[in-house]
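Student: Shown below is the structure under consideration.
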Amino acid sequence: MTLSLPNAIGITAMNARDSFSFNPNLFSSLTSFHSFQEYSGSNIRLPVKIIISPKKFCHPALTIRNEVPQNADFPRYYSKKEKKPFPTPIVELRRAARERLKRMKDVPRKPMSAPRNGLLVKNLIPTAYNVYNARITLINNLKKLLKVVPVHACGWCSEIHIGPVGHPFKSCKGAHSNIRKSLHEWTNAYVDDILVPVEAYHLFDRLGKRIPHEQRFSIPRIPAVVELCIQAGVEIPELPTKRRRKPIIYIGRNEFVDADESELPDEVPEEPKKPLLAEIPDSEIVAPLNNEETVGIAEETLQAWERMRKGAKRLMRMYRVRVCGYCPEIHVGSSGHKAQNCGAHKHQQRNGQHGWQSAVLDDLIPPRFVWHVPDVNGPPLQRELRSFYGQAPAVVEICIQAGAALPEQYKSTMRLDVGIPSTMKEAEMVV
């Protein structure tokens with residue numbers, strides 16, 4: 001290898017290594033360099049040891065990754081005439097079923113694990129209590145925040161807005177919306193407008209027979225999150241449920257009998273693993289006294305919201321939750337009920353029966369996205385600048401306006417890095 005140096009000096013490397021080291025005073029020992037050049041010509045060839053250090057010249061590529069995208073699209077709005085998509089595509093479900101049958105063909109059948117055998121998952125019982133208490137804390141704190149943060153609800157549709165005044169967007173789809181040109185008529189909002197009430201049938205035995213259509217009015221309906229917590233181990237005296245101490249015995253594909261528990265000692269009623277919180281009546285709600293107390297309540301509300309969603313998602317991995325693909329009906333159990341009360345599009349063709357499929361977290365706890373107000377003390381939202389505004393879940397938006405810190409996972413849909421034009425002429429210049 002030859003290195004080109006000034007004055008047409010070429011140096012030939014006799015031995016090359018994987019790292020590089022060069023002495024700048026290579027010819028310092030030559031007292032008469034010009035006289036030496038006259039006898040040897042214009043090229044000098046000297047043995048040089050080349051050592052190229054990968055640490056100095058070969059830097060590894062630095063990659064910065066962010067789990068949360070900078071900007072994300074808003075949640076898709078599904079028409080009432082459109083069926084919800086499956087969480088897992090049906091083609092992948094069929095392929096997984098074929099592989100499972102092929103894999104279990106020559107394998108002896110293993111006993112079922114909890115909760116399919118009728119027992120509780122012990123390590124999820126504290127999670128169920130945490131989810132139940134987080135829901136109660138969330139409701140109580142939202143009642144307090146509604147005293148200081150203005151929240152508006154449309155009197156004709158389910159849309160709400162959090163801010164000093166309602167937004168001017170023409171998005172009302174309620175009754176007589178064509179007469180009002182799709183404008184909203186804003187009224188005062190309540191907790192049920194922020195937390196969408198999703199109810200489900202309470203099951204005395206989660207492995208029992210499916211609820212028939214004739215018993216749809218005799219079985220109580222409770223919040224779906226509460227029913228999930230009860231099936232996961234929360235003990236509520238007003239809502240009893242069957243607890244087994246031995247695994248069930250299958251006598252057929254879908255038939256089983258309970259194991260004999262007569263030889264077991266009498267079960268002593270235990271105290272709840274954790275104390276259960278209770279909702280505060282509306283008449284006893286006291287508004288925060290100062291700004292510091294408001295910020296503290298907002299931070300606690302946001303933590304309860306995240307704790308409830310994360311805990312419910314963990315419970316849903318073990319305890320199955322079903323949702324109708326045509327309507328918002330939820331059923332907490334292995335298979336959906338038989339009540340023919342689906343009133344979605346073309347329900348006459350299905351005789352009112354639900355199209356059950358696996359539920360996702362947003363089916364159990366709908367986030368209900370609302371428009372994000374960039375500056376509460378600034379000008380209100382403008383109809384012409386709608387494409388520049390972001391959205392956030394209603395609980396997150398009310399906590400942010402109350403002074404809580406913004407969580408990282410919600411920044412992508414709030415479009416915080418999008419500049420909002422000050423005039424319409426400036427907005428028309430945006431490409």
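The values are calculated or read from the model by the stated rules, or taken from the named source; none is laboratory data. Since the structure is predicted, the reported quantities are computational estimates derived from the model, not experimental observations. A quick note on method: Cβ atoms are made from the backbone with ideal geometry, for glycine too, and the neighbour counts reach across all protein chains shown. Accessible surface is based on the protein model in full, side chains and every heavy atom, while ligands, DNA and RNA are left aside. Shrake-Rupley method; radii C 1.70, N 1.55, O 1.52, S 1.80 Å.
Student: Restricting to segment 274-316, give me the number of residues that are charged (D, E, K, R), open to solvent by 80 Å² or more (accessible area, probe 1.4 Å) and outside any helix (DSSP H, G or I).
Tutor: Looking only at that region, the number is 1.
Student: Just the residues that are closer than 28 Å to Pro237 by Cβ and basic (Lys, Arg), please, taken from segment 250-304.
Tutor: Lys273, Lys274, listed by residue number.
Residue-wise test of (1) out of contact with any helix residue (DSSP H, G or I) (no Cβ under 8 Å at 6 or more places or on another chain); (2) closer than 26 Å to Glu261 by Cα; (3) of a type in the set (D, E, K, R).
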residue	(1), (2), (3)
Leu142	no, no, no
Ile160	no, no, no
Gly163	no, no, no
Pro168	no, no, no
Ser177	yes, no, no
Ala189	yes, no, no
Ser218	yes, no, no
Leu228	no, yes, no
Arg245	yes, yes, yes
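Student: Further question on the same structure: Which residue pairs have Cβ atoms closer than 6 Å, lie 6 or more positions apart in sequence or on different chains, and pair a first residue in segment 362-379 that is closer than 20 Å to Lys411 by Cα with a second residue that is part of a loop (DSSP other than H, G, I, E, B)?
Tutor: Listed pairs, sorted by first residue: Pro366/Val196; Arg368/Val196; Phe369/Pro75; Trp371/His167; Trp371/Tyr389; His372/Gly390; Val373/Gly163.
Student: What is the number of the single condition among (1) farther than 14 Å from Ala134 by Cβ; (2) within 28 Å of the chain's Cα centre (by Cα); (3) acidic (Asp, Glu) that Glu300 does not meet?
Tutor: (1)
Student: Just give me the residues in segment 75-100 being in a helix (DSSP H, G or I) and more than 25 Å from Met316 (Cβ to Cβ), in sequence order.
Tutor: Hit for segment 75-100 is Arg98, nothing else.
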